[in-house]
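The values are calculated or read from the model by the stated rules, or taken from the named source; none is laboratory data. Bear in mind the structure is a predicted one, so any value in this text is a computation, not a measurement. Note that each Cβ is placed from the backbone with ideal geometry, even for glycine, and that neighbours are counted across all protein chains shown. Please note that ligands, DNA and RNA were not included when accessible areas were found on the heavy atoms of the full protein model with its side chains. Shrake-Rupley method; radii C 1.70, N 1.55, O 1.52, S 1.80 Å.
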Amino acid sequence: MRIFDPHIHMTSRTTDDYRAMYDAGVRAVVEPAFWLGQPRTTVGSFCDYFDAILGWEPFRAAQYGIAHHATIGLNPKEANDARCREVLEVLPRYLAKDRVVAVGELGYDSMTPEEDEVFSAQLAMAVEHELPALVHTPHRDKLNGTKRTLDVVRESGLPMGSVLVDHLNEVTVGVVAEAGAWMGFSVYPDTKMDEQRMVAILKEFGLERMLVNSAADWGNSDPLKTRKTADAMLAAGFSDDDVDRVLWRNPVEFYSQSGRLELADDLAAGETYLGNSVLRGGKD
Ligand SMILES: [Zn+2]
């Protein structure tokens, strides 16, 4: 089984995590730029962080056999801090870099006017740089926040096919499916989605444009939730090919729109990989 985690914050994780992920079949990850918990007070802190997830972290991941890419953006939470606004000026320089496969994470946290402004400005950058966008949905007032997110995307002119709306659940998946955007689900140990609810959503809404991630970070999270969801899909009667579609081909298709995804040839080959026990993750 080959797994692509399309949203994980490896900068917060250990080398043990990298080893366990490899053993479970994870061969590629995307690390979105996000909020580090401790507020950043200057644009220089962002630049050092962006450089770390574009330089140091791919180097670290490669030592454990995992391909690492990133998305770059000013996250919704820090969009509210005037000291961080200058980040928008350095973003174009980063969006031109090789391993950047989307603008993100963007979107709403508390749905303030400042967040509106920063969200729209970065969607315009996605249009200009011809990059897809990774859009986070708010944890409170989720349905209204998701609808408003989709409205702002429509106004931006970025095609829905270039947008991944993340952290969805049973309440929000319908409007995103209808809009034609890609749908991301974060499977967490005790909040957001769990494996069984994820399987139920896949049964109801199908596999098209569906992505599953662990969103593992510095909080209570589990970098093996992608594999655990794959196992739950198999137990529920989905085929190996279904699992490969959701956990590998869908994220590859979404982020390939950047033209910058670099994966090992044996993994990119697709069909030939399925059922090849030599290349399978250690747990099966
Ligand atoms: Zn995240």
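Points worth noting:
- Exactly one residue out of 71, 41 is in a loop (DSSP other than H, G, I, E, B) and closer than 19 Å to residue 89 by Cα: that is 41.
- Failed criterion for residue 131 (all others in (1) out of contact with any strand residue (DSSP E or B) (no Cβ under 7 Å at 6 or more places or on another chain); (2) at negative phi; (3) away from the ligand (no atom under 16 Å from the Cβ) hold): (1)
- Note on segment 250-267: among residues that are crowded, with 16+ Cβ neighbours inside 10 Å and in a helix (DSSP H, G or I), the one that is modelled with the lowest pLDDT is 267.
- Check on residue 35, within 16 Å of the ligand (Cβ to nearest atom), of a type in the set (A, V, I, L, M, F, W, C), open to solvent by 40 Å² or more (accessible area, probe 1.4 Å) and without any contact (Cβ under 8 Å) to a residue 60 or more places away in the chain: yes
- Annotation: of all residues in segment 100-112 being assigned to a strand (DSSP E or B) and small (Gly, Ala, Ser), the one that is nearest to the ligand (Cβ to nearest atom) is 104.
- When residue 160 is tested against (1) within 16 Å of the ligand (Cβ to nearest atom); (2) open to solvent by less than 40 Å² (accessible area, probe 1.4 Å), exactly one condition is not met: (1).
- Among all residues of segment 232-245, there is none that is in contact with a strand residue (DSSP E or B) (Cβ under 6 Å, 6 or more places away or on another chain) and at pLDDT 95 or above.
Residues checked against (1) of a type outside the set (Lys, Arg); (2) at pLDDT below 95; (3) within 22 Å of residue 147 (Cβ to Cβ):
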position	(1), (2), (3)
76	yes, yes, yes
81	yes, yes, no
85	no, yes, no
94	yes, no, no
99	no, no, no
104	yes, no, yes
119	yes, no, yes
128	yes, no, no
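- Annotation note: of 58, 76, the sole residue that is within 16 Å of the ligand (Cβ to nearest atom), at negative phi and not basic (Lys, Arg) is 76.
- Each residue in segment 173-214 was checked for being touching a Ser or Thr at 6+ places or on another chain (Cβ under 8 Å), away from the ligand (no atom under 16 Å from the Cβ) and open to solvent by less than 20 Å² (accessible area, probe 1.4 Å), and 3 of them qualify.
- If the condition is being within 16 Å of the ligand (Cβ to nearest atom), out of contact with any His (no Cβ under 9 Å at 6 or more places or on another chain) and assigned to a helix (DSSP H, G or I), then segment 1-27 contributes 11, 12, 17.
- Scanning segment 106-120 for residues that are open to solvent by 10 Å² or more (accessible area, probe 1.4 Å) and in contact with a Pro (Cβ under 8 Å, 6 or more places away or on another chain) yields 109, 110, 111.
- Within segment 219-240, tally of residues that are assigned to a loop (DSSP other than H, G, I, E, B) and either β-branched (Val, Ile, Thr) or more than 16 Å from the chain's Cα centre (by Cα) (or both): 6
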